[in-house]
Ligand SMILES: NC(=O)c1ccc[n+]([C@@H]2O[C@H](COP(=O)([O-])OP(=O)(O)OC[C@H]3O[C@@H](n4cnc5c(N)ncnc54)[C@H](O)[C@@H]3O)[C@@H](O)[C@H]2O)c1
């Protein structure tokens with residue numbers, strides 16, 4: 001029986017590890033074609049290698065805070081997957097600690113990845 005996501009061609013950001021990797025595994029298990037993207041390109045390649053037995057998966061380095069890199073990811077994913085019909089905007093940082101103690105640089109980084117990154121990816125893939 002075909003998987004529930006057999007017609008899906010999905011790009012998952014921040015998926016070299018953690019929740020993104022688990023999402024990639026779930027998509028593969030259900031028959032989707034998957035491309036994982038992560039700021040850590042080496043880790044993304046390693047993860048793709050580890051999951052290759054599960055189905056069609058490839059990897060690419062991408063910093064979601066970069067307009068240029070998100071556009072390049074969308075273009076490459078379109079070629080590799082024959083079009084993309086799922087974008088999982090998973091890449092994100094967390095603000096662990098007390099709100100009163102988060103340094104300004106961390107606030108900038110949180111907004112860059114969790115807000116700008118989501119919008120840039122949505123723009124690039126739309
Ligand atoms: N873990 C939790 O309890 C939890 C709870 C709520 C929401 N979330 C959210 O779920 C998502 C995944 O969480 P996680 O715990 O797996 O995080 P994680 O830190 O384990 O993994 C995040 C991945 O994103 C990548 N990444 C970081 N910055 C990036 C960038 N600029 N461009 C591309 N990739 C980048 C990292 O290299 C890493 O592989 C995040 O958006 C997080 O905020 C997590």
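Could you work out the helix-only [θ] at 222 nm for the chain, with each DSSP H run of four or more residues adding -39,500 (n - 2.57) and the total divided by the number of residues, to the nearest 500 deg cm²/dmol?
That comes out to -13000 deg cm²/dmol.
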Principal-axis tilt of helix 67-81 within the chain, Cα atoms, nearest 10 degrees: 10
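Sort 62, 121 so the one with the fewest other Cβ atoms within 10 Å of its own Cβ comes first.
By the 10 Å Cβ count, ascending, the order reads 121, 62.
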Candidates 32, 53, 72, ranked by Gaussian network fluctuation over the chain, Cα under 10 Å, top entry: 53
Selected from 71, 29, 106 as most flexible by GNM, with the chain as the system and alpha-carbon contacts under 10 Å: 106
Cβ-based exposure ranking for 79, 116, in which fewest neighbours within 10 Å come first: 79, 116
Highest-fluctuation residue, 82, 97, 41 considered, GNM on the chain with Cα pairs under 10 Å: 97
Spatial separation of Cα centroids for region 36-70 and region 5-22, in angstrom: 9
Scattering profile of the chain at q = 0.10, 0.16, 0.22 Å⁻¹ [log10 I(q)/I(0), Debye over alpha-carbon scatterers]: -0.31, -0.73, -1.21
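What list do you get for 101, 25, 50 if you sort them by fewest beta carbons within 10 Å?
On the way: 101 7, 25 18, 50 12.
Neighbour counts put them in this order, fewest first: 101, 50, 25.
Stretch residue 104-residue 116 to full length: gain in nm at 0.36 nm per residue minus the Cα-Cα span? Walk me through the numbers on the way to the answer.
On the way: separation 12, 0.36 × 12 = 4.32 nm, distance 1.66 nm.
Going from the current span to full extension adds 2.7 nm.
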Helix axis angle, 18-29 relative to the chain longest principal axis, alpha carbon, degrees: 10
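Read the figures in this text as sums done on the coordinates, not as results from a lab. A quick note: this is a predicted structure, and the numbers were derived from the prediction, not measured. Quick reminder, even Gly has a Cβ in these numbers, built from the backbone with ideal geometry, and neighbours come from all protein chains shown.
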